[in-house]
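Visitor: Input: one structure, supplied below.
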Amino acid sequence: MIAWIKANPGRAFVGAVALLGIVLGAVFAFRAIAGGNSLRDSTNRRTLIDAVTGEVFDEYPLPTGATLPFPNPKTKDRTLYPAEACYWNADGTAKLEPTWVLLNEYAGKEGPTTCPDCGRRVVGHNPTPPDQLMIDAAKRAGGG
């Protein structure tokens, strides 16, 4: 075998790469079939906020076919709505951990929604601060 590899280094390399591809494919296939978070499971999870208590439910599994509002697992009342993330501080800097905000339209209130921490307007699919401000927030937090 060693003599053949020495005599055919190009074919040996291609064979090794092919074998590695087969092994990696088998590992990924096993993981997809055997468990872990499937793509569907991970996309059916959201951060929700209770309209009555303000409690935040991170990674809440959305029930198939359910409509808003979603049931609170603790009270069974249908008071959970999508939460919007606000990454701003009152001084205009960004932060890494968001303040979760319930939009006024879900709460049945008129007018624009404002973040209770920074006072900025919060909208559906609320945008994050500019990248540089997020990088600065990571540096302040000791992340680089």
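Visitor: What is the residue count in the range 101-144 for residues that are touching a Phe, Trp or Tyr at 6+ places or on another chain (Cβ under 7 Å) and over 13 Å from N89 (Cα atoms)?
Guide: Residues in the range 101-144 being touching a Phe, Trp or Tyr at 6+ places or on another chain (Cβ under 7 Å) and over 13 Å from N89 (Cα atoms): 2 in total.
Visitor: When you check T79 against the structure, is it out of contact with any Leu (no Cβ under 6 Å at 6 or more places or on another chain), under 13 Å from T53 (Cβ atoms) and either outside any strand (DSSP E or B) or at pLDDT below 95 (or both), yes or no? Don't jump to the end; show me each part of the working.
Guide: On the way: out of contact with any Leu (no Cβ under 6 Å at 6 or more places or on another chain): yes; under 13 Å from T53 (Cβ atoms): yes; either outside any strand (DSSP E or B) or at pLDDT below 95 (or both): no.
Spelling it out, it is not the case that T79 is out of contact with any Leu (no Cβ under 6 Å at 6 or more places or on another chain), under 13 Å from T53 (Cβ atoms) and either outside any strand (DSSP E or B) or at pLDDT below 95 (or both).
Visitor: Restricting the search to the range 82-121, which residues are assigned to a loop (DSSP other than H, G, I, E, B), of a type in the set (A, V, I, L, M) and under 22 Å from the mean Cα position of the chain (by Cα)?
Guide: A83, L102, L103
Visitor: Tell me, please, whether a residue that is modelled with pLDDT under 95 and touching a Leu at 6+ places or on another chain (Cβ under 8 Å) can be found in the range 20-31.
Guide: Residues of the range 20-31 that are modelled with pLDDT under 95, as a first pass: 20-31.
Filter once more, keeping what is touching a Leu at 6+ places or on another chain (Cβ under 8 Å): none.
No - not one qualifying residue is present in the range 20-31.
Visitor: Could you check the range 108-144 and list, in sequence order, the residues that are among the β-branched types (V, I, T), within 30 Å of L68 (Cα to Cα) and either out of contact with any Cys (no Cβ under 6 Å at 6 or more places or on another chain) or surrounded by fewer than 10 Cβ atoms within 10 Å (Cβ to Cβ) (or both)?
Guide: Across the range 108-144, the qualifying residues are T113, T114, V123, T128.
The values are calculated or read from the model by the stated rules, or taken from the named source; none is laboratory data. What you see is a predicted model, and the numbers here were worked out from it, not measured in a lab. Cβ coordinates were reconstructed from backbone atoms using ideal geometry, including for glycine residues, and neighbour counts include every protein chain displayed.
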